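For reference, the structure is listed below as structure tokens.
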Amino acid sequence: MTLRDVTRKDFTAARRSRGLWAVATALGVLTTFIAFGFSGYRLGPEETVIQLFRTMGGVFGLLLPIVALVASYMAIAGERESGGVKFLLGLPNSRRDVFLGKLVSRLAVVTAGIAFMFATATAMAVARNGALPLGVVAGMFVVSWLYAAVFVAVAVSLSAAVAERSRAIAAAVGSYFGLVLLYVIPGVSVALLVRFVHQTLLGFEPNLDLYNAVLYTSPLIAYRKAMNLVVPDQFERQVLQRASESDTLPAYLGDEVSLLVFAVWLAVPLALGYWRFEGADL
Amino acid sequence: MTAIQTDGLTKRFDDVVAVDDLDLTIEEGEVFGFLGPNGAGKSTTINLLLDFIRPSEGSVEVLGRDAQTNPEAIRERVGVLPEGYGFDDPLTGREYLSWAIRTKRADDDPDELLELVGLADAADRLAGDYSKGMQQRLAFAIALVDDPDLLILDEPSTGLDPNGIQQLRDIVRERAAGGTTVFFSSHILSEVEAVSDRVGVMNEGELVAVDSIEGLRESAGGHATLHLDCAGPPTGLEVESLSGVAGTSIEDHTLVVDCTDPAAKVDVVTHVAARATVTDIRSETVSLETLFNDLTGGGRDEARAVEEVPQ
């Protein structure tokens, strides 16, 4: 088992990448500014900080996938294109060691990035408001990490399935569109498409729960729901549309299901990516 | 004990057959030169040995193990100098080598190995900034880690200067003397000739000859070419009628005679000298080269590259 050697080499290389440090610095500055400029309307210090992280979650929803995809899309495709994989596999490493080693290393890089963003935001928030709702911050960190981990898994898996840089880029951009943007752009969203197919093409009665269930397959929607799990009740958001205020969502649309959505998005791409890499001619 | 054994090994890429029904056995302790023009299927064969790619048909065994079942166990005992590699991580030469040593759980001293391949002064520079020849030296050093039982070297002299090629040969001979099996590919005959116990010639995916250098020489026969520069045009000399002469041609004042038997050369010279004024004589014994060209398609472009590529 030489997974650790693969991870260590990859992480050392990542640590020396100037581009990565530049991105991390930019992200830290960004979260610092958000934390600096944020003021809650008629809220106490603690509530202000919670509200700040809630808002930050909205930014992270679009930002973390980019961070994770950029940090991971070349993980294996890059080695295949450059020929680095010939050394990796000329030494006593299995393909599994290479795949998992790359995954662990890129997860570590992304974890460090998120930790840095949280550290800068928290420091600024505490300095400005004098309150630290540790439970909420820690909870937000965990769900944000899970959300980013989904995209690391997706990117490493796609990276394992393709042999060239150009395809890896296309796959990463495509997954950002398919998993994030298509769920938020008004006019071209998945929600409208499903509604159109179901009602207009197939002629069914409107079924809000069905549309919600389709929406819920997106890691982004799952992230928004998962945030409800870690903030106090008054800060929870609805995320999925309901027929009326009094209407309650079915259990399969509950906030907890978001963890299942994450789990599926972690497991399925990794399994497929590994399967493709294991069988590939390198 | 066999180091490498392939049975009916075949690899197809789409509709191209890169390796066609290859049966090859390399015994432990021998230095085997794998010869052939570019695109003959040498690297594909090596990639199959290392499980970088998977066979379409047939099987590969390396050091008694199936190449696909447990490639890591094979990689423990094999040193690889691949082709088409890249040092793209921002690591120094010493760090790359240390990584290889750690991964092999070996106890080599990275500086000793760097010294051996002539990179001691560049140990702390990024491997990605090395010249092609220096990268080749580093890749060779990585292959030498943990004194492997089998060295698989794909075009090892690529990018090396004459001094580097000499060092490479010395190290290969030294390791072979210590019992290491060496399997190396090349498109340069002289290089293979210099170190190999046995040679396999590949052409268009097929193994067209396997023999020792001496064996190959014998099967090439005593083919020799004689160039006779004459004072006037050497016409009407009837050299063809002599026994042992396969053919003649005339280029200006030069008579070129292809002899199948070396003994015929003297007869040719005596015959011509009696009938014309000979100003110079050159004799070429390009037997192996001629054989190699015959085996790999003679006058085709890729075969010619064998003679012309300066290495």
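The values are calculated or read from the model by the stated rules, or taken from the named source; none is laboratory data. Since this is a predicted model, take the numbers as computed values, not measurements. Here the Cβ is made from the backbone with ideal geometry for all residues, glycine too, and neighbour counts use every protein chain on show.
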Residues that are surrounded by 17 or more Cβ atoms within 10 Å (Cβ to Cβ) and touching a residue at least 60 places away in the same chain (Cβ under 8 Å), drawn from region A:195-229: A:219, A:220, A:222, A:223, A:224, A:226, A:227
In region A:10-39, residue farthest from the other protein chains (Cβ to nearest Cβ) [restricted to those that are buried (at least 17 other Cβ atoms within 10 Å of the Cβ) and either free of Cβ contacts under 8 Å to residues at least 24 places away in the same chain or among the acidic types (Asp, Glu) (or both)]: A:10
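If a residue must be of a type in the set (A, V, I, L, M, F, W, C), part of a helix (DSSP H, G or I) and within 14 Å of chain B (Cβ to nearest Cβ), how many such residues does region A:58-115 contain?
Looking only at region A:58-115, we keep the residues that are of a type in the set (A, V, I, L, M, F, W, C), and these are A:59-60, A:62-64, A:66-71, A:74-77, A:85, A:87-89, A:91, A:98-100, A:103-104, A:107-110, A:112, A:114-115.
Keeping just the survivors that are part of a helix (DSSP H, G or I) gives A:59-60, A:62-64, A:66-71, A:77, A:85, A:87-89, A:98-100, A:103-104, A:107-110, A:112, A:114-115.
The next check asks that each one be within 14 Å of chain B (Cβ to nearest Cβ); those that pass are A:77, A:85, A:87-89, A:98-100, A:109.
Here the count works out to 9.
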Entirely in region B:128-227, the helices (runs of 4 or more DSSP H) that have 2 or more residues that are of a type in the set (Val, Ile, Thr): B:162-177, B:189-195
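Can you confirm whether region B:213-221 contains a residue that is at pLDDT below 90 and within 13 Å of the chain's Cα centre (by Cα)?
Initial filter on region B:213-221 (at pLDDT below 90): B:213-221.
Now drop any that are not within 13 Å of the chain's Cα centre (by Cα), which leaves B:213.
Yes, region B:213-221 has at least one match.
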Any hit, region B:254-270, residues being in contact with a Cys (Cβ under 7 Å, 6 or more places away or on another chain), assigned to a loop (DSSP other than H, G, I, E, B) and either surrounded by 14 or more Cβ atoms within 10 Å (Cβ to Cβ) or among the β-branched types (Val, Ile, Thr) (or both): no
Some residue of region B:94-116 being within 14 Å of another protein chain (Cβ to nearest Cβ), in contact with a Gly (Cβ under 8 Å, 6 or more places away or on another chain) and part of a loop (DSSP other than H, G, I, E, B): no
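Which of the following residues is touching a Leu at 6+ places or on another chain (Cβ under 6 Å) and closer than 21 Å to residue A:276 by Cβ: A:78, A:84, A:61, A:101? I'd like the intermediate steps shown before the answer.
Working: A:78 fails: touching a Leu at 6+ places or on another chain (Cβ under 6 Å); A:84 fails: touching a Leu at 6+ places or on another chain (Cβ under 6 Å); A:61 fails: closer than 21 Å to residue A:276 by Cβ.
Within the list A:78, A:84, A:61, A:101, the selection yields A:101.
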Any hit, region A:84-99, residues being closer than 30 Å to residue B:135 by Cα and within 22 Å of the chain's Cα centre (by Cα): yes
Residues located in region A:185-194, provided they are surrounded by 16 or more Cβ atoms within 10 Å (Cβ to Cβ) and modelled with pLDDT of 85 or more: A:194
Index of the failed condition, residue B:244 passing every other in (1) modelled with pLDDT of 85 or more; (2) more than 30 Å from residue B:15 (Cα to Cα); (3) under 32 Å from the mean Cα position of the chain (by Cα): (1)
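Within 14 Å of chain A (Cβ to nearest Cβ) and more than 24 Å from residue B:94 (Cα to Cα): does that describe residue B:183?
Values: within 14 Å of chain A (Cβ to nearest Cβ): yes; more than 24 Å from residue B:94 (Cα to Cα): yes.
Spelling it out, residue B:183 is indeed within 14 Å of chain A (Cβ to nearest Cβ) and more than 24 Å from residue B:94 (Cα to Cα).
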Subset of region B:12-35 [assigned to a strand (DSSP E or B) and closer than 23 Å to residue B:79 by Cβ]: B:19, B:22, B:24, B:25, B:26, B:27, B:31, B:32, B:33, B:34, B:35
Some residue of region B:22-36 being exposed (fewer than 15 other Cβ atoms within 10 Å of the Cβ), closer than 27 Å to residue A:278 by Cα and more than 13 Å from every other protein chain (Cβ to nearest Cβ): yes
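Any residue at all in region B:39-54 that's basic (Lys, Arg), more than 13 Å from chain A (Cβ to nearest Cβ) and under 22 Å from the mean Cα position of the chain (by Cα)?
yes
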Whichever residue in region A:256-281 is buried (at least 19 other Cβ atoms within 10 Å of the Cβ) and more than 17 Å from residue A:175 (Cα to Cα) and, among such residues, is nearest to the other protein chains (Cβ to nearest Cβ): A:277
Residue among B:124, B:154, B:146 that is surrounded by 21 or more Cβ atoms within 10 Å (Cβ to Cβ), touching a residue at least 24 places away in the same chain (Cβ under 8 Å) and acidic (Asp, Glu): B:154
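Looking at B:256, B:278, B:239, can you tell me which residue is touching a Leu at 6+ places or on another chain (Cβ under 6 Å), farther than 21 Å from residue B:217 by Cβ and not small (Gly, Ala, Ser)? Don't jump to the end; show me each part of the working.
Values: B:256 fails: touching a Leu at 6+ places or on another chain (Cβ under 6 Å); B:239 fails: touching a Leu at 6+ places or on another chain (Cβ under 6 Å).
Being touching a Leu at 6+ places or on another chain (Cβ under 6 Å), farther than 21 Å from residue B:217 by Cβ and not small (Gly, Ala, Ser) holds for just one of B:256, B:278, B:239, which is B:278.
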Close pairs (7 angstrom Cβ cut-off, 6 or more residues apart or separate chains): farther than 21 Å from residue A:45 by Cα and aliphatic (A, V, I, L, M) in region A:105-132, modelled with pLDDT of 95 or more and not in a helix (DSSP H, G or I) anywhere: none
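When only residues in region B:271-287 that are in a helix (DSSP H, G or I) and at pLDDT 85 or above count, which is surrounded by the most Cβ atoms within 10 Å (Cβ to Cβ)?
B:272
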Pairs where the first residue, in region B:61-87, is within 11 Å of chain A (Cβ to nearest Cβ) and under 15 Å from residue B:183 (Cβ atoms) and the second is outside any strand (DSSP E or B) and among the charged types (D, E, K, R), C-beta under 6 Å, 6+ apart: B:77/B:149; B:82/A:86; B:83/B:155
